[in-house]
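Before I ask anything, let me first share the structure, which is written out below as structure tokens.
What follows draws every value from the coordinates through simple rules; no lab data is involved. Keep in mind that what you see is a predicted model, and the values were worked out from it rather than measured. For neighbour counting, all protein chains shown are included, and Cβ atoms are generated from backbone atoms with ideal geometry for every residue, glycine included.
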Amino acid sequence: MIIRLLILIPILILSACATPKTTMVPFQRVQNIPPNSAVVYFYRPKADFNRAGWAELFIDDKKKFPLVNNSYGYVFLNEGEHKIKFEGSMSGTNWWPGPATATLSVMAGREYFIRIEPLEPGSATFGSPTGSTVVLATQMFSHYSKAQTEIREVEKSQALKEIISIPQVEQ
């Protein structure tokens with residue numbers, strides 16, 4: 001237990017110092033979508049697992065913005081198919097899961113809502129349970145290295161309920 005704390009405390013302190021900032025303004029929908037574009041909201045609901053970490057959003061291999069715990073951001077995308085990737089690192093952004101990718105097809109004039117969640121191994125939403133409580137630091141790193149990121153398109157009505165009080169990340 002002491003070894004685990006000695007390893008985690010410096011990591012948490014360093015990651016907290018470098019955490020991207022959010023505005024304090026709750027969610028606001030975009031009023032004017034540019035012609036031939038769609039607006040895509042990416043959001044990460046508040047969660048305990050990996051709360052101090054964040055992943056960077058890449059669209060078509062271009063870095064857009066970081067997505068911290070309990071935040072959202074948005075982009076305008078041209079109509080068509082786009083490659084989405086969320087990626088961080090355990091040392092740089094304190095993001096435990098590996099990179100996650102998805103493909104999103106958008107139509108001009110529409111809104112899309114994409115929820116991003118890091119999933120802890122053994123959680124109810126994570127594939128199959130992977131084991132017991134972590135005791136030693138080496139077991140902890142092994143355990144969390146199996147974490148995954150879920151990228152899920154959410155229906156507008158559900159997303160608006162989830163995102164309503166989430167602040168925007170500075171882009």
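For a quick check: with amide H placed at 1.01 Å from N, whose amide H comes under 5 Å from residue 166's, ignoring anything fewer than 5 positions away on the same chain?
27
Between residue 160 and residue 70, how many nm apart are label points set 7 Å from Cα along the C-beta direction?
2.4
If the reach is capped at under 19 angstrom between alpha carbons, list the lysines near residue 161, excluding any in the same chain fewer than eight residues apart.
The qualifying lysines are 46.
If I model a spin label at residue 47 and residue 78 as a point 7 Å from the Cα along the Cα→Cβ vector, what separation in nanometres do I get?
In this crude label model, residue 47 to residue 78 measures out at 3.3 nm.
Among 49-56, 63-70, what's the highest-first ranking by average C-beta atoms within 10 angstrom per residue? Could you put the intermediate results ahead of the total?
Numbers: 49-56: 20.6, 63-70: 18.8.
Ranked from most to least packed, the peptides come out as 49-56, 63-70.
Name the aspartates and glutamates eligible as straight-distance cross-link partners of residue 62: C-alpha to C-alpha under 15 Å, and not fewer than 8 places from it in the same chain.
In chain and number order, the partners are 81, 87.
Considering just Cα atoms, how many Å³ per residue does the convex hull of segment 42-99 enclose? Display every interim value, and only then the final one.
Working: hull volume 4.6 nm³, N = 58.
Given the Cα convex hull of segment 42-99, per-residue volume reads 79 Å³.
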